[in-house]
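Here the structure comes first, spelled out in structure tokens, and everything after it is commentary.
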Amino acid sequence: TVVTNAIGILGTNMSFEAGTLDGWSVLVEDVAAEASYLKAQEGEYSAQLHATGWSNWSWNSVVQLIPCVSGEELRVTGKVYIQSLAKAGTNWVRCGVKMESTNEAGRTSAGVEFDQTAPIGEWLDVDFVRSGPVDGADGLVLWVGGTDAGKVDVFFDNLVVTSTNTGVVVT
């Protein structure tokens, strides 16, 4: 007899095939956020954050809350396509995917980020593991941020969040 954990897939509309951002909260200051047919790594749609630029500090994201328990291992995979990620001036502009606790007592995060030196015009891999610090929810965050941006155009697709905290399998 071998006992292993079952693997469960979490999240809603993670490949954006609804053609919308349903299931996600849009929190943007200076970019437009939408489900786009312009680039897709899997299926027909992806999430797109884009702007012609901004001055000063800006944080832009779409967020989905994923329920988790303390110690739960969450694995996040997906793809990011950078069409443009240009800074304006000497400051920085970045994009990425992260998970962070919504509970201040366990305020930590894990993720992958890219800056203006990342490859342009190809799908880049997202793959990281997050251990839930507290019971509650973690926010899965697709983001673009920085100070003094030029043109920004980033796509996110084929996101998968899995957990081994869904019960046991006996074989």
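The values are calculated or read from the model by the stated rules, or taken from the named source; none is laboratory data. In this text, all values refer to a predicted model and were calculated from it rather than measured experimentally. Note: ideal-geometry Cβ built from the backbone for every residue, glycine included; neighbour counts use all protein chains shown. For the accessible areas, the whole protein counts, side chains as well, though only heavy atoms, and no ligand, DNA or RNA atoms are used. Shrake-Rupley method; radii C 1.70, N 1.55, O 1.52, S 1.80 Å.
Computed over protein heavy atoms with a 1.4 Å probe, the carbon and sulfur contribution to the accessible area of the range 1-85 reaches 49%. Computed over the alpha carbons of the range 41-105, Rg followed by Dmax gives 15.4, 42 Å. Counting only heavy atoms of the protein chains and using a 1.4 Å probe, Trp24 has close to 20 Å² of accessible surface. Once backbone amide H atoms are built at 1.01 Å from N, Gly53 has Val152 as its partners under 5 Å, excluding neighbours fewer than 5 places away on the same chain. Rounded to the nearest 10 square angstrom, Thr108 shows an accessible area of 70 square angstrom against a 1.4 Å probe. The Rg/Rh ratio of the chain, with Rg taken over Cα atoms and Rh as the Kirkwood radius over Cα pairs, comes to 1.01.
With an a/c value of 1.5 or above and a/b not larger than b/c for the gyration tensor axes a ≥ b ≥ c computed over the alpha-carbon atoms, the range 67-129 is described as oblate. With a ≥ b ≥ c taken as the square roots of the eigenvalues of the C-alpha gyration tensor of the range 1-79, please select rounded if a/c is under 1.5 and otherwise prolate if a/b is larger than b/c or oblate if it is not? Prolate.
The reciprocal of the average 1/r between distinct C-alpha atoms defines the Kirkwood hydrodynamic radius, which for the range 12-58 equals 11.5 Å. Sequentially through the range 75-89, phi angles give Karplus couplings (6.51, -1.76, 1.60; θ = phi - 60°) of 10, 10, 10, x, 9, 10, 10, 9, 8, 8, 8, 10, 8, 10, x Hz, Gly and Pro residues having no value and appearing as x. Applying D = kT/(6 pi eta Rh) to the range 109-157, where Rh is the Kirkwood radius over alpha-carbon pairs, T corresponds to 4 °C and eta to 1.567 mPa s, the Stokes-Einstein value obtained is 96 µm²/s. Using only side-chain charges placed at the Cβ, +1 for Lys and Arg and -1 for Asp and Glu, the dipole size of the chain relative to its Cα centre rounds to 220 debye.
Take the alpha carbon atoms of the range 16-82, find their center, do the same for the range 128-163, and report the distance between the two centers in whole angstrom. A separation of 7 Å, based on Cα centres. What list of ³J(HN,Hα) couplings, whole Hz, do you get for the range 126-133 from phi and the Karplus terms 6.51, -1.76, 1.60, once you set θ to phi - 60° and write x for glycine and proline? 3J(HN,Hα) across the range 126-133, in whole Hz: 10, 7, 8, 10, 10, 9, x, x. Here the range 79-171 is treated as a sphere whose radius is the Kirkwood value from Cα pairs; by Stokes-Einstein at 37 °C and 0.692 mPa s it diffuses with a coefficient of 220 µm²/s.
The magnitude of the dipole of the range 13-104, with charges of +1 and -1 set on the Cβ of Lys/Arg and Asp/Glu and taken from the Cα centre, is near 420 debye. A dipole drawn for the chain from +1 and -1 charges on Cβ atoms has a positive end, and of Leu124, Phe155, Ala35 the residue lying farthest that way is Leu124.
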